[in-house]
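Asker: Pasting a structure below so you can have a look.
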Amino acid sequence: MTAPVLVIDFGSQVTQLIARRVREAGVYCEIVPFNKAQEELNRGTPQAIILSGGPASVTESDTPRAPQEVFQLGVPVLGICYGEMTMSTQLGGKVESGHAREFGRADIHIEKKSPLLAGLGDANGNEPVWMSHGDKITAIPRGFEVIATSESSPYAVIGDETRHFYGVQFHPEVAHTPRGATILKNFVTGIAGVKPEWNMHAFRQREIEKIRAQVGKGKVICGLSGGVDSSVAAVLIHEAIGDQITCIFVDTGLMRAGEADEVVSLFKGHYNIPLIHAEAADLFLGRLEGVSDPEQKRKIIGSTFIDVFDREAAKIGGAEFLAQGTLYPDVIESVSATGGPSVTIKSHHNVGGLPERMKLKLVEPLRELFKDEVRALGRELGLPETFVGRHPFPGPGLAIRVPGEITREKLEILRKADTVYLDEIRKAGLYDKIWQAFAVLLPVRTVGVMGDGRTYDYVLALRAVTSSDGMTADYYPFEHSFLARVSTRIVNEVRGVNRVVYDITSKPPGTIEWE
């Protein structure tokens, strides 16, 4: 069945945010690469189509285009940035390069009332947005009118109100366009008339029925990492089929303090879900001994995880299905036609897939969800808030927060420091205001004086960011008194650290952060 709203992806690094904003409006939508869009349209007609941004220029040959059928279906179409450019070109307008570019914050001035911009604009008709384009529309297609302009763009927002075709030169999906979500909601629920029926209660009931139909009386094994995604998937599947599922928790020895015990307690004690706890810290740390290259470390962790999981799965016997906490961003990346930055850095967060030789059928109940939706589902399923609301933790664990060689001593120092840091954040009532906070043990030692003696210990970096989408992030502006307090505690309580620094780097789209 075709989703009510289809997002055609031209390679923008923030295309996923379009889908997130639409879903936040209560409307389900899916993303499809531009070169697979026609195939999707052949399956059925959506109620609305959104054309994403992208890095290409429509003025060059062989750059992506939307299927011409998009403009013949009689459904509303919204083009964003590159999407506006290709729509203008394909419908008879003109786009040129070499004009003044617009990148960053800008103001548009609303020239004409339109349902697309309902509720926007100050007393003077101005609205802040986030621009990111190098080309410029110099002639709009027949039937279109100017809805809004900007200092550098006379066609910042255009529309054909009769056919319900619209184009915006800026990015309404990013948080830097403060009321961009309103624009997308206006388009999908107002102009396209899609009913806002997407919610986690309905998803839960629907997915339980799908799991039962797929699995029948078969056995399912689920690999638990200790993170939110695999845990929510396991609880949902258990609700659907009971003890037909067995979870395998591979304890790598690279988790934060106390997290392994929390996972075992939650699944065995609270939910009574069959669980195999594979304690493999010695194996992981043994294979990582003497290894400093970050990518090599990740590959070792991934292959070791597979070895342990494979060994434990063989003990169960008779399993036909493998449950995974695959999320929608993973699905999008796997079919990406553009090979964007998210594909390039994927190993940065993950530890690798399971081998094909296991020949198990996949059960992936979360493959339609984004991270925030998984958290909402976790709450719907009754998982403890302390677990569901936990800050994101990368698959390779603390291994990527210890640059250089990993040792037990370094991991113990990092765990203790990280515990102090998060404790102070919670005491200050800031944990839920911060998307992610963690410590990094730098491969640097400095000479210090403590009391009457000298020390030669590690430098610890602290990182905390706020984010509404997990793709863009700004550092959290701690007060100096907080940083002084947490730094003093770490130096006093954690042997091996004599200096603490705070990282204030922001993370624009596509930038790799400390993880």
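Asker: I need every pair where a residue in region 229-255 that is of a type in the set (D, E, K, R) and assigned to a helix (DSSP H, G or I) has its Cβ under 6 Å from the Cβ of a residue that is modelled with pLDDT under 95 and open to solvent by less than 10 Å² (accessible area, probe 1.4 Å), sequence separation at least 6 or different chains.
Answerer: These pairs meet every condition: D229/V374.
Asker: Could you check region 1-57 and list, in sequence order, the residues that are surrounded by 20 or more Cβ atoms within 10 Å (Cβ to Cβ) and among the aromatic types (F, W, Y)?
Answerer: Correct list: F10, F34.
For every residue, the table says whether it meets (1) under 15 Å from L78 (Cβ atoms); (2) crowded, with 18+ Cβ neighbours inside 10 Å; (3) small (G, A, S); (4) under 27 Å from the mean Cα position of the chain (by Cα).
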position: R142; (1), (2), (3), (4): no, no, no, no
position: E151; (1), (2), (3), (4): no, no, no, no
position: H171; (1), (2), (3), (4): yes, yes, no, yes
position: A181; (1), (2), (3), (4): yes, yes, yes, yes
position: K195; (1), (2), (3), (4): no, no, no, yes
position: V215; (1), (2), (3), (4): no, yes, no, no
position: K219; (1), (2), (3), (4): no, no, no, no
position: H238; (1), (2), (3), (4): no, yes, no, yes
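Asker: Let me ask something else about it. Only one residue in G104, G125 is open to solvent by less than 20 Å² (accessible area, probe 1.4 Å), at pLDDT below 95 and over 25 Å from S57 (Cβ atoms). Which one?
Answerer: Unique residue meeting the criteria: G125.
Asker: Given the conditions (1) in contact (Cβ under 8 Å) with a residue 60 or more places away in the chain; (2) in contact with a Phe, Trp or Tyr (Cβ under 7 Å, 6 or more places away or on another chain); (3) farther than 28 Å from P196 by Cβ, and given that A56 satisfies all but one, which numbered condition is not satisfied?
Answerer: In the conditions (1) in contact (Cβ under 8 Å) with a residue 60 or more places away in the chain; (2) in contact with a Phe, Trp or Tyr (Cβ under 7 Å, 6 or more places away or on another chain); (3) farther than 28 Å from P196 by Cβ, A56 misses (1) alone.
Asker: I'm told E262 meets every condition in (1) part of a helix (DSSP H, G or I); (2) modelled with pLDDT of 95 or more; (3) of a type outside the set (S, T, N, Q) except one. Can you identify the failing condition by its number?
Answerer: Among (1) part of a helix (DSSP H, G or I); (2) modelled with pLDDT of 95 or more; (3) of a type outside the set (S, T, N, Q), E262 violates only (2).
Asker: Within region 383-406, count every residue that is in contact with a helix residue (DSSP H, G or I) (Cβ under 8 Å, 6 or more places away or on another chain) and either without any contact (Cβ under 8 Å) to a residue 12 or more places away in the chain or of a type in the set (V, I, T) (or both).
Answerer: 5
Asker: Kindly evaluate K297 against the criterion of being open to solvent by 40 Å² or more (accessible area, probe 1.4 Å) and either assigned to a helix (DSSP H, G or I) or over 26 Å from R415 (Cα atoms) (or both).
Answerer: Considered against the rule, which asks whether it is open to solvent by 40 Å² or more (accessible area, probe 1.4 Å) and either assigned to a helix (DSSP H, G or I) or over 26 Å from R415 (Cα atoms) (or both), K297 comes out as no.
Asker: Follow-up question, since we're still on this one. Can you tell me which residue in region 327-373 is surrounded by the fewest Cβ atoms within 10 Å (Cβ to Cβ), limited to those that are over 21 Å from V32 (Cα atoms), of a type outside the set (K, R) and at pLDDT 85 or above?
Answerer: Across region 327-373, the extreme among qualifying residues is L362.
Asker: Can you find, within region 19-59, the residue that is farthest from I137 (Cα to Cα) among those that are in contact with a Cys (Cβ under 8 Å, 6 or more places away or on another chain) and part of a helix (DSSP H, G or I)?
Answerer: Out of the qualifying residues, it is R23.
Asker: What number of residues within region 258-290 are of a type outside the set (K, R) and surrounded by 15 or more Cβ atoms within 10 Å (Cβ to Cβ)?
Answerer: Matching residues across region 258-290 total 20.
Asker: Restricting the search to region 388-440, which residues are among the small types (G, A, S) and buried (at least 18 other Cβ atoms within 10 Å of the Cβ)?
Answerer: Scanning region 388-440 gives G395, G397, A399, A417, A437, A439.
The values are calculated or read from the model by the stated rules, or taken from the named source; none is laboratory data. Here the structure is a predicted model, which means the values were calculated and not measured. Here Cβ is always computed from backbone atoms with ideal geometry, including for glycine, and neighbour counts include all displayed protein chains. Heads up: the accessible areas ignore ligands, DNA and RNA and are worked out on the full protein's heavy atoms, side chains in. Shrake-Rupley method; radii C 1.70, N 1.55, O 1.52, S 1.80 Å.
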